[in-house]
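Note sheet for the following structure.
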Amino acid sequence: MVPSAVTCTSLFLAVGLLASHGACESYEKFSLLMPHVKPEKEETYFCTPVKIDPTQEYYVTAFEPNATMETAHHMLLYGCEEPGSDGDVWNCGEMALAQPGISSAPVCRTGSQVIYAWAKDAPKLVLPEGVAFKVGGKSSIKYLVLQVHYASVEKFKDGSTDDSGVFLYYTETPQPKAAGVLLLGTGGRINPKSVEYMETACTLDEDKVIHPFAFRTHTHALGRVVSGYKVTRDGITDKWELIGKKDPQLPQMFYPVANDLTLSKGDTVAARCTMQSNRDRITRIGATSNDEMCIFYMMYWTNGNSLLNRKICYTAGPPSYRWSMDTRLLNPPAEDFNDTLTEA
């Protein structure tokens, strides 16, 4: 990582979505960008890595995207123990097109975890004071890998190249709270001319207390509302507390959570995507913009380094899985389609 210095004043001007940095510390700025690639076809997924100094721990406190939705459908930033390839760029869309002449591999070979996501011209993100993603050194994140899903390649037909990516703001000063991300997603299908609820849920089995502070929703064209909940068993019923709810057609940024709450062992975290299809065909979960996705990202912090070992909560989705089939879930909130649009 080759940083450039950032003063506190310039950092305040550059980022400021969720919080502002309290104490004036020395921040550095690192550019993790595509190395002037030239995707040839829509739906291409490219990955590029950076190796982090194994002798030094860094604390990432803010993310500034360098992309537009006209070019990039979405970007994901992964932390890896080992990247999927030793190359500078590789095809990394498991179900998407592979560009000839460029090797194909997964995003990470081992230790994959999402630490940042961007879509639909979402703005910058700065974490709350004292919260950071720890990378390098003795942390499990030895590499950062940027993945870009290209929605359009029109601008590259004249020979232009792409440097979409993200600027990372970080400090070498240890931060008291460790940031993590739990991704909730589903498989499944959406029938023609229908409204479908795609649902997922996982019960936490680790003896840790986590503090959600931001959430992000992600679908493709059919998503209308995505919501996430904390579910706590209370006698013969459940208490459902909203973590966040948003229309995924809005900028897909990380938004502050709806309620100040914590999650601990025995609690269930659940998410639902409301999908509306006017198509004459079945739409399935998949990697291209003609497919769908149902994802709820929950960003959280813990004291010290007690992050969840679980990084992903995933179910098969409809028709194989619904909340109504899950014995862990009682009296889930009934969301009328029209009501959810006004609440989001």
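The values are calculated or read from the model by the stated rules, or taken from the named source; none is laboratory data. Here the structure is a predicted model, which means the values were calculated and not measured. Note: ideal-geometry Cβ built from the backbone for every residue, glycine included; neighbour counts use all protein chains shown. Calculation scope for accessible area: heavy atoms of the full protein, side chains included, ligands and nucleic acids excluded. Shrake-Rupley method; radii C 1.70, N 1.55, O 1.52, S 1.80 Å.
A few notes on this one:
- Restricting the range 226-239 to residues that are of a type in the set (Val, Ile, Thr) and at pLDDT 95 or above, the residue that is farthest from CYS313 (Cα to Cα): THR232
- Tally, over the range 235-287, of residues that are β-branched (Val, Ile, Thr) and surrounded by 18 or more Cβ atoms within 10 Å (Cβ to Cβ): 7
- Meeting the requirement of 2 or more residues that are touching a residue at least 60 places away in the same chain (Cβ under 8 Å) and of a type in the set (Lys, Arg), the strands (runs of 3 or more DSSP E) wholly within the range 227-344 are 237-246.
- The number of residues in the range 195-208 being open to solvent by 30 Å² or more (accessible area, probe 1.4 Å) and of a type outside the set (Asp, Glu) comes to 4.
- Criterion (at pLDDT 95 or above, touching a Leu at 6+ places or on another chain (Cβ under 8 Å), surrounded by fewer than 19 Cβ atoms within 10 Å (Cβ to Cβ) and assigned to a strand (DSSP E or B)) met by exactly one of VAL60, VAL50: VAL50
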